[in-house]
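**Q** Take a look at the following structure, please.
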Amino acid sequence: MKNPATWLLRGYDLHVTFSSDQQPTARACMDAFLAFTDEHGIPTVRPILFESPVGPWTTPMWQVLLRREDPHQLATDLGTSVAWLMANRGDLSVMIHPNSADGDFTDHARNAMWIGPPTPLKLSIFS
């Protein structure tokens, strides 16, 4: 069995996908999410909004990384962030995946969780 404390290498990525016409809503959601995480002491890394598809993404998306040295605090941060996104995402879809020892393909294809309808990914870029 894998121990999350050693299997999880670089925390979790949160990706919020949107269509071009949803960009203002997505930007507002990102700004509100970052204000929430700041207010609750949840550190975020590299928040960025991509206005066009990038990497495996077939739609625009914004991403935030959650990282902590303490795996228990990271789990708390993740749970709090997921609850906020469940309550506030509107019609946007959210994908959460670990950055684990299993590698990018598995993290995006097998280890991912979705809130809302999944967005198709171009997983072939990981081969």
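**Q** Output the strands (runs of 3 or more DSSP E) that fall wholly within region 1-88 and possess 1 or more residues being among the acidic types (Asp, Glu) and surrounded by 11 or more Cβ atoms within 10 Å (Cβ to Cβ), or say none.
**A** 8-17
**Q** Which residues, counting only those in region 109-127, are surrounded by 18 or more Cβ atoms within 10 Å (Cβ to Cβ) and either among the β-branched types (Val, Ile, Thr) or at pLDDT below 95 (or both)?
**A** The answer is Thr119, and nothing else.
**Q** Taking into account only those residues within region 97-127 that are in contact with an Asp or Glu (Cβ under 7 Å, 6 or more places away or on another chain) and outside any loop (DSSP other than H, G, I, E, B), which is farthest from Arg68 (Cα to Cα)? Explain how you work it out, then say what you get.
**A** Filtering region 97-127 for residues in contact with an Asp or Glu (Cβ under 7 Å, 6 or more places away or on another chain) gives 97-100, 111, 126.
Checking which are outside any loop (DSSP other than H, G, I, E, B) leaves us with 97-100, 126.
Numbers: His97: 15, Pro98: 13, Asn99: 12, Ser100: 14, Phe126: 26 Å.
The residue in question is Phe126.
**Q** Give the residue, chosen from Ser20, Ser100, that is closer than 22 Å to Asn3 by Cα and polar (S, T, N, Q). First the steps, then the outcome.
**A** On the way: Ser20 fails: closer than 22 Å to Asn3 by Cα.
When all the criteria are applied, what remains is Ser100.
The values are calculated or read from the model by the stated rules, or taken from the named source; none is laboratory data. Nothing here was measured: the structure is a model prediction, and the numbers come from that model. Heads up, the Cβs are rebuilt from the backbone with ideal geometry, glycines too, and the neighbour counts pull from every protein chain shown.
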